[in-house]
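Presented below is the structure to which this report refers.
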Amino acid sequence: MAGRSAARRLRALYSAAITGKIQIDDPNHRRGETMALRLALLFAVIVAMVLIVLMKAIRIVNEYERGVVFRLGRVDPANVKGPGLRLLVPFIDKVRERIDLREQVVAFKGQPVITEDNLVVLIDTVLFFQVTDPRAADYEIVNYIQAIEQLTATMLRSVIGSMDLEQTLT
């Protein structure tokens, strides 16, 4: 008799659960929610990684710029990226600096120069230059603008140093 009453109680609980009067706590239901949450988190991580890879792979280079590409630390002379949308190999290719090919104007501070007749003249310099080889400007020298300044000062001292004051002022 005890078995029959237990079966009746079980049927009563089952019918109450079907009608919605009683909610049965199902551990498999919670496990499914946890699995769905884990899958959503995994999907979000994968989407974030894909976005990071795309951000590393796509570069937009303006018309007046060139990008020198370093692949695993080596520069290839033919691998200078011109204007437009450029694709790189993510985490392998690197554009260290974009070189501006437009004509640039740089004013340097006054340079003291000694003339042929041993007089000191302070000469201000304004220099106009344009980069023609972006690979050389990025790869062969650390700071090409500072190098241009020093080269200009050296040439200025050499030319003015061979002139007397009268020739310098005319």
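The values are calculated or read from the model by the stated rules, or taken from the named source; none is laboratory data. Quick caveat, the model's predicted, so the values are computed rather than measured. Ideal geometry is used to build each Cβ from the backbone, glycine not excepted, and the neighbour counts take in all protein chains shown. What goes into the accessible areas is simple: the full protein's heavy atoms, side chains included, and nothing from ligands, DNA or RNA. Shrake-Rupley method; radii C 1.70, N 1.55, O 1.52, S 1.80 Å.
To the nearest 20 debye, what charge dipole does the chain have about its Cα centre, counting +1 at the Cβ of each Lys and Arg and -1 at the Cβ of each Asp and Glu?
2820
Assuming a viscosity of 0.890 mPa s and a temperature of 25 °C, what translational diffusion coefficient in µm² per second does Stokes-Einstein assign to the chain, Rh being the Kirkwood radius over Cα pairs?
104
Solvent-accessible area per residue for the chain at a 1.4 Å probe radius, Å²?
About 77 Å² of surface per residue is accessible.
How far is helix 144-161 tilted, in degrees, relative to the longest principal axis of the Cα atoms in the chain, given as a value from 0 to 90 rounded to the nearest 10?
Orientation of helix 144-161: about 10 degrees from the principal axis.
Can you send over the carbon and sulfur percentage of the accessible area for segment 39-90, probe radius 1.4 Å, protein chains only?
Taking all protein chains in place, segment 39-90 shows 71 percent carbon and sulfur surface.
Can you compute the helix-only [θ] at 222 nm over the chain? Use -39500 (n - 2.57) per DSSP H run of at least 4 residues, normalise by all residues, nearest 500 deg cm²/dmol.
Only helices count here, giving -15000 deg cm²/dmol.
Can you list residues from other chains, or at least 5 along the same chain, whose modelled amide H is less than 5 Å from the amide H of MET163?
So MET163 has HN proximity to GLU116.
If the cut-off is a Cα-Cα distance under 15 Å, which aspartates and glutamates reach LYS109, setting aside same-chain residues fewer than 8 apart in sequence?
ASP124, GLU149
Say R0 is 35 Å: what FRET efficiency, to the nearest 0.05, do LEU54 and ARG102 get from their beta-carbon distance?
About 0.75, to the nearest 0.05.
Mind checking the angle between helix 2-19 and the chain's longest principal axis? C-alpha axes, 0 to 90 degrees, to the nearest 10.
50
Using 7 Å Cα-to-Cβ label points, what is the ASN62/ARG157 separation (nm, one decimal)?
According to this spin-label approximation, the distance is 3.5 nm.
Residue separation times 0.36 nm, minus the C-alpha to C-alpha distance between THR170 and LEU87: what's the value?
Length gained, THR170 through LEU87: 24.4 nm.
Pop a pseudo-label 7 angstrom from the Cα along the beta-carbon direction at both LEU122 and ALA78 and give the gap in nm to one decimal.
Label at LEU122, label at ALA78, 5.4 nm between them.
For segment 75-170, what's the radius of gyration and Dmax over Cα atoms, in angstrom?
19.2, 62
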